[in-house]
1. Among the candidates ILE271, ILE259, ILE242, ILE255, single out the residue that is free of Cβ contacts under 8 Å to residues at least 40 places away in the same chain and of a type in the set (A, V, I, L, M).
2. Mind listing just one residue for me: the one in the range 67-99 that is part of a loop (DSSP other than H, G, I, E, B) and out of contact with any helix residue (DSSP H, G or I) (no Cβ under 6 Å at 6 or more places or on another chain) and, of those, nearest to LYS195 (Cα to Cα)?
3. What are the residues in the range 33-57 that are crowded, with 16+ Cβ neighbours inside 10 Å and farther than 26 Å from LYS199 by Cα, if any?
4. So which of VAL205, VAL189 is buried (at least 19 other Cβ atoms within 10 Å of the Cβ), out of contact with any helix residue (DSSP H, G or I) (no Cβ under 6 Å at 6 or more places or on another chain) and either among the hydrophobic types (A, V, I, L, M, F, W, C) or under 13 Å from ARG158 (Cα atoms) (or both)?
5. Can you find a residue that is charged (D, E, K, R) and farther than 30 Å from ASN301 by Cα anywhere in the range 212-230?
6. If you go through the range 38-73 one residue at a time, how many are among the acidic types (Asp, Glu) and either assigned by TED's automatic domain parsing to the domain that holds ASN230 or over 17 Å from ILE116 (Cα atoms) (or both)?
7. Going residue by residue through the range 261-282, is there one that turns out to be within 20 Å of ALA168 (Cβ to Cβ), polar (S, T, N, Q) and more than 19 Å from the chain's Cα centre (by Cα)?
8. State whether the residues of the range 318-328 include one that is modelled with pLDDT under 95 and acidic (Asp, Glu).
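The values are calculated or read from the model by the stated rules, or taken from the named source; none is laboratory data. All of these numbers come straight from a predicted model, not from anything done at the bench. Every residue, glycine as well, gets a Cβ built from its backbone with ideal geometry; the counts of neighbours run over all protein chains shown.
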Amino acid sequence: KNPQQAFNKLSEIKIELSKGNDVFSIKSDKIDSLMTEYLSRCNDGYRKNSTATYNKHIKPIIGHLKIDKVTKDHLIKIRTNMEALKLSPNTVKKAKVILSPVFKEAFSDDVTRRNILELIKFGEDQPKPALVDRVAEPLIDAIKKIYNAALNEEANHRMAFLISIMCARRIGEILEIKYEDIVDGIVNVRAGTTKSYTKLHPDAVAERFPLPKEVLNTIGTGSGKVFKYNSRIYLDKYAQMIDTKCKLSLKALAIDYPIRTHDNRNFIISIQSRKYGMDFVGAACLSHSNRTSNMNARYHNIELVDIIRVYEDYWEKLRSKDSKTFTQMAVEEQLKELEDVNEYSI
């Protein structure tokens, strides 16, 4: 360990001691116990999904083992079993994502001599083809069809879908919104509900975004979570809406790579970047800042008034009854812009 790592570890110990926790007590280092403790600190949506993956694919192989007894062969077996089930590379990769914090902490705490998980490749990211390779009509026409279909859904589903469509937030993050997070029509995004701000305190406000009137007119008041169902219910219902009610004009690739909630992030950046620039829209609307390695993300602060301006301009496009669509030149511009847009689609 270098001096900075040692200092950070001593600082953590000092904080735990100030809370009255016995940091020197011997605790179980079995994978099952470590995973239970780690997942208890995660938000509800991530915990539920990760627990299901852990119980099905990981626990039967290494759950009973102490972490220093886990070998590369064990990890390869987890990967091989998942691949044998014909799971997608992205799904296979989730096993490593789930285990990674536990193995990193074990190495940091000198429980293991090395982090063997880093040595094993689990699947890989396979970004979907660009929207223009799956959608056979101008993107603004497609997203307007999706928006109009969502307006006719049951109230609770409608609100979740519209926040995804109009605000381009991840569905897992949307489902973590509490009434207490909403102040004067603005959602104060808690860091613990995002994938982007893992180093902040879970309750710290990491970002803010406005809710459209279509949501505000329905959401009412209350306490606790706005959305009561688990993510799979919303995802399946959204997929059903896309496949049966939107009447999108699609290309062949959309069969293997269907339009789903996450594509709403591609829609907003593809459409709004023509006016505001891809980097600005990405930073303002997509919760995708890398403050460690990206200079703009680290030092560039976007004021709420400018964030609202981007959204309101987008909402006007969605609500417009004008049948005029993008020209061929605009489509070509989208193609050029989308060459780099995959970095925002994760």
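1. On the way: ILE271 fails: free of Cβ contacts under 8 Å to residues at least 40 places away in the same chain; ILE259 fails: free of Cβ contacts under 8 Å to residues at least 40 places away in the same chain; ILE242 fails: free of Cβ contacts under 8 Å to residues at least 40 places away in the same chain.
So the residue among ILE271, ILE259, ILE242, ILE255 that is free of Cβ contacts under 8 Å to residues at least 40 places away in the same chain and of a type in the set (A, V, I, L, M) is ILE255.
2. Step by step, filter the range 67-99, then rank; the result is SER88.
3. Once the filter is applied, which keeps residues that are crowded, with 16+ Cβ neighbours inside 10 Å and farther than 26 Å from LYS199 by Cα, the range 33-57 yields only HIS57.
4. VAL189
5. From the range 212-230, those charged (D, E, K, R) are 213-214, 225, 228; that's our starting set.
Restricting the remaining residues to those that are farther than 30 Å from ASN301 by Cα gives 228.
Scanning the range 212-230 turns up at least one residue that is charged (D, E, K, R) and farther than 30 Å from ASN301 by Cα.
6. Residues that pass the stated criteria total 1.
7. Looking through the range 261-282, at least one residue is within 20 Å of ALA168 (Cβ to Cβ), polar (S, T, N, Q) and more than 19 Å from the chain's Cα centre (by Cα).
8. Yes, that holds for at least one residue.
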